[in-house]
Amino acid sequence: MYESRKQAPLAGTRFAWRLLGHLLVAGGLLAASLAIGMLGYRAYEGLAWVDAFLNSAMLLGGMGPVNPPQTDAGKVFAGLYALYAGLVFIVTAALLFTPVLHRVIHRFHWDAKI
């Protein structure tokens, strides 16, 4: 997927396309995750769409829910969704930082040996 150490770094335009591709994948992941959260809050807590959006977005952003769950099923969903949202946050950050970090490392010809 990325050029090796022996290959020249991508030109600016191709690198911008790579960044855009990563941004689109990260955006798709966030949109799908937001939809899952909204559907879960609607199904298990009976929240209105706007409240379900707010709770899902706050969890995905790392802030926590606004409306505390009232039902047992809602509490289980909220706990599992919070764990999932934490992983999505890490994966999204990795998707966005990976091309930039690879380019920086590639520019300096730094070879990390494990």
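Just so you know, all these numbers are worked out from the coordinates, no wet-lab data involved. Not measured: the values here are computed from a predicted model. Glycine also receives a Cβ, built like all others from the backbone with ideal geometry; neighbour counts cover every protein chain displayed.
Please verify whether the stretch 71-91 includes one or more residues that are under 26 Å from residue 4 (Cβ atoms) and among the β-branched types (Val, Ile, Thr).
Yes, because at least one residue in the stretch 71-91 is under 26 Å from residue 4 (Cβ atoms) and among the β-branched types (Val, Ile, Thr).
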- Positions within the stretch 58-72 being part of a loop (DSSP other than H, G, I, E, B) and over 13 Å from the mean Cα position of the chain (by Cα), in sequence order: 63, 64, 65, 66, 67, 68, 69, 70, 71
- Message: Take the conditions hydroxyl-bearing (Ser, Thr, Tyr) and under 15 Å from the mean Cα position of the chain (by Cα) and apply them to residue 41. Does it pass?
- Response: no
- Task: Can you tell me which residue among 54, 23, 47, 34 is surrounded by fewer than 17 Cβ atoms within 10 Å (Cβ to Cβ) and either out of contact with any Cys (no Cβ under 8 Å at 6 or more places or on another chain) or assigned to a helix (DSSP H, G or I) (or both)?
- Result: 23
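Hey, can you tell me all the residues within the stretch 1-16 that are hydrophobic (A, V, I, L, M, F, W, C), surrounded by 11 or more Cβ atoms within 10 Å (Cβ to Cβ) and closer than 14 Å to residue 98 by Cα? So that I can check it myself, show each step before the final result.
Of the residues in the stretch 1-16, the ones hydrophobic (A, V, I, L, M, F, W, C) are 1, 8, 10-11, 15-16.
Narrowing further to those that are surrounded by 11 or more Cβ atoms within 10 Å (Cβ to Cβ): 10, 15-16.
15, 16 - these are the residues of the stretch 1-16 that are hydrophobic (A, V, I, L, M, F, W, C), surrounded by 11 or more Cβ atoms within 10 Å (Cβ to Cβ) and closer than 14 Å to residue 98 by Cα.
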- Say whether the condition of being part of a helix (DSSP H, G or I), out of contact with any Ser or Thr (no Cβ under 8 Å at 6 or more places or on another chain), closer than 20 Å to residue 88 by Cβ and not acidic (Asp, Glu) is met by at least one residue in the stretch 3-19. yes
- Among all residue pairs at least 6 apart or on different chains, which show Cβ distances below 9 Å where the first residue, located in the stretch 35-48, is under 11 Å from residue 73 (Cα atoms) and the second is part of a helix (DSSP H, G or I) and of a type in the set (D, E, K, R)? 41/51; 44/75; 45/51
